[in-house]
Amino acid sequence: MSATIDDVTAPPQVLLAHHLKSLKLPTFAREYEKVATECTRDQADYPRYLLRLCELERIERDRRNMERRIRAAKFPQTKSLDTFDFKAIPSLNKALVLELARCEWIERRENCIALGPAGTGKTHTALALGLAACQKNYSVLFVTAAALVHELMEARDERRLRLLQKHLAKVDLLIVDELGYVPFTAVGSELLFEVLSRRYEQGATLVTSNLPFDEWTSVFGSERLTGALLDRLTHHVHILEMNGDSYRLATSQKRARKRGALAPSEPNIHEVESAKGGATSED
Ligand code: ADP
Ligand code: MG
């Protein structure tokens, strides 16, 4: 290291600040005087003084890492399980979701598939599990199936497909949201298949879909490809069954009821669901 500060004449605080900066210990630099005062007050010895500083540096470093992971995950919004009302969706196995939030399945490179109609909290749950993974220091990438296929096609056209595939293969948890709303072209299907099958036993993948498995062929277009994909995806899988009424619709109706009675023209939730066939996007 080439010190630019005169080692002999500079006051120790200046030298210390310089060394701590080049050693990348910003919390040490910021806190050492305050912690020294505390340690004098508490009659803590030198090892304890150093230990306190190290702990503060670690906490701060973990926090910065987590923030970096959350930014890299590209979550469209922040959702956590704290704000998820499990009572609103009795079909969902709460114990399983809480277990998944501990992230051991990510360590084991397993998969998770959330299935159910629109508005039942699939994206919310996926975002919350993604956030939990970031908090446990796993790398995460959140993407919708349509956006992912679009990105893959674009990368292929621009001759940077290998690079993108590499990135998608090495992330600890890949979340593919909204599989089923948009059918893919044959090339799109192949590209998505390749990404998901490369991750088989190499990384954890979470997929959300409004379609039951037997309708996935309508998205991928090919029975052979869908079969091969499901075979890999469901080998080590946790299924989240999210069959219920749309939470959005239920809450907006609750609000409407609070404002006064539901307007006679306003349809109730079951009428809307049956009109949608329970499987179309409301996003
Ligand atoms: P889906 O992805 O299944 O279509 P979302 O997760 O997008 O549904 O949920 C729609 C909206 O309703 C979101 O704002 C989400 O936070 C909220 N929501 C859905 N289910 C719940 C729930 N059980 N508790 C709290 N909020 C919920
Ligand atoms: Mg969704």
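The values are calculated or read from the model by the stated rules, or taken from the named source; none is laboratory data. No experiment lies behind these values; they were computed from the predicted model shown. Every residue, glycine as well, gets a Cβ built from its backbone with ideal geometry; the counts of neighbours run over all protein chains shown. The area values use the complete protein model at the heavy-atom level, side chains included, leaving out ligands, DNA and RNA. Shrake-Rupley method; radii C 1.70, N 1.55, O 1.52, S 1.80 Å.
Across region 92-113, the number of residues qualifying as among the polar types (S, T, N, Q) and either free of Cβ contacts under 8 Å to residues at least 24 places away in the same chain or part of a loop (DSSP other than H, G, I, E, B) (or both) comes to 1. Within region 162-174, the set of residues being in contact (Cβ under 8 Å) with a residue 12 or more places away in the chain and hydrophobic (A, V, I, L, M, F, W, C) comprises 164, 168, 169, 171, 173, 174.
Residue pairs whose Cβ atoms lie under 6 Å apart, sitting 6 or more positions apart in sequence or on different chains, and linking a residue in region 216-243 that is under 22 Å from residue 204 (Cβ atoms) to a partner that is in a helix (DSSP H, G or I) and of a type in the set (Lys, Arg), are 242/122.
Is there a residue in region 88-107 that is surrounded by fewer than 22 Cβ atoms within 10 Å (Cβ to Cβ), away from ligand 2 (no atom under 13 Å from the Cβ) and hydroxyl-bearing (Ser, Thr, Tyr)? Yes, the conditions are met somewhere in region 88-107. For region 66-117, a residue qualifies if it is on the phi > 0 side of the Ramachandran plot and within 11 Å of ligand 1 (Cβ to nearest atom), and exactly one does: 116. Of all residues in region 118-157, exactly one satisfies the criterion of being within 16 Å of ligand 1 (Cβ to nearest atom), of a type in the set (Val, Ile, Thr) and over 26 Å from residue 67 (Cα atoms), namely 120. Test residue 206 against the stated conditions and say whether it is more than 16 Å from ligand 1 (Cβ to nearest atom), outside any loop (DSSP other than H, G, I, E, B) and open to solvent by less than 70 Å² (accessible area, probe 1.4 Å). When the stated conditions are applied, residue 206 does not pass them. Taking the criterion of being within 32 Å of the chain's Cα centre (by Cα), open to solvent by less than 40 Å² (accessible area, probe 1.4 Å) and not hydroxyl-bearing (Ser, Thr, Tyr), the residues of region 26-59 that qualify are 28, 53, 57.
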